[in-house]
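Please see the structure below; I have some questions.
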Amino acid sequence: MLEEFSSNNTILVAMGLVIPIIGCVIGAATVYMIKSDSNSPSQKLMLGFAAGVMLAAIIWSLMQPAMEMAAEKEAIPWLSPTIGFLVGMGFLLLLDTITPHLHISSDSVEGLPSSLKRSTMLILAITIHHIPEGMAIGVVLSGAMEGGDMITGASAIALSLGMALQNIPEGAVVSAPLNSMGMSKFKSFLWGSATGLVQPISALITMLLIDGTMPIFPAVLAFAGGAMLYVIVEEIIPEGQSGKHSNIATIGVALGFALMMILDGTL
């Protein structure tokens, strides 16, 4: 049934943009149920789960189509995906370097010097996470709208579902700490949900800037993959492994990766 949506770009885009926000809202709502301790087993499990989903999405929704498209269009099939991947990593490195932000498991501020509140910098940290995820959704939706064989409407929906699943822990790990900083549960829920709006905004901007048939589309797919991998390696995995050593975050990675495999294979 999902394949039918590929013929209706309006429905496809609407679903692709809205589904991830639902995950973020669900995650933010957990502020009413869980504690804000970043070293708690539940938060470590959720962070690992988010990393696993994102890793699987990078491989099957971004890098594999990029390599296959490049193999059909280019004399050197690995060249443009490799360049796009490295530029994507560099873009997030630059964004991470200049944006003042604060991570859940750390008291030290990263980025340029700033007088912003701790709660604001925590929100900015999650915002950085959501930008490459939104770009990935936008790139895949753009490719699916062209009706090609490499990226279908079903694969775009699978990616959006995957992003929604990983948004649940990301929504939780921003709303609970905000509450622990003195913000009311309701405001923490609203801010945790609002961070998810970054994804559809960055997805729409990406879609406006690119064309699914453009010659450099394989590089654009790989760019989104590189940007997402930076977030995983630089932010999510270290936070999941911080504090007392345990294998809980690693188990979360396995669960998230496996679930994304099932989604991708089913849809």
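Laboratory data are not the source of any read-out in this text; all were calculated from the coordinates shown. Please read these numbers as outputs of a predicted model, since none were measured by experiment. Glycine also receives a Cβ, built like all others from the backbone with ideal geometry; neighbour counts cover every protein chain displayed.
Which lysines, if any, have their Cα less than 17 Å from the Cα of LYS117, not counting same-chain residues under 8 positions apart?
LYS187
From the phi angles alone, apply the Karplus equation (6.51, -1.76, 1.60; θ = phi - 60°) to region 171-185 and give each ³J(HN,Hα) in whole Hz, x where the residue is Gly or Pro.
x, 5, 7, 9, 6, 5, x, 4, 5, 5, 7, x, 6, 5, 4
Out of these labelled values of Rg and Dmax of the Cα atoms in Å, (1) 18.2, 51; (2) 17.8, 58; (3) 20.3, 73, which was calculated from the coordinates shown here?
From the options (1) 18.2, 51; (2) 17.8, 58; (3) 20.3, 73, the structure gives (2).
Need the C-alpha centroid separation for region 170-188 versus region 28-93, integer Å.
25
Follow-up. So what are the ³J(HN,Hα) numbers for region 41-52, from phi and the Karplus equation (6.51, -1.76, 1.60; θ = phi - 60°), rounded to whole Hz, Gly and Pro as x?
After applying 6.51 cos²θ - 1.76 cosθ + 1.60, I find x, 5, 5, 5, 4, 5, 5, x, 4, 4, 5, x Hz.
Between GLU72 and ARG118, what is the label-point separation in nm under the 7 Å Cα-to-beta-carbon projection?
Calculated label separation equals 5.2 nm.
Please give every one of the lysines within straight-line cross-link reach of LYS244, meaning a C-alpha to C-alpha distance under 24 Å, and leave out same-chain neighbours fewer than 8 residues apart.
Correct list for LYS244: LYS35, LYS44.
Hey, another quick one. With unit charges on the beta carbons (Lys and Arg positive, Asp and Glu negative) and the dipole taken about the Cα centre of the chain, which residue among PRO77, GLY226, THR152 sits farthest to the positive side?
Result: GLY226.
Could you list which residues have their amide H under 5 Å from that of MET150, counting only those 5 or more apart in sequence or on another chain, with H placed in the peptide plane?
The answer is none.
Figure the gain on full extension for GLU146 and ILE201 (residue separation times 0.36 nm, minus the Cα-Cα span) and round it to one decimal in nm.
17.7 nm
Report, to two decimal places, the Cα Rg of region 109-267 normalised by 2.2 N^0.38 Å (N = number of residues).
That works out to 1.13 for region 109-267.
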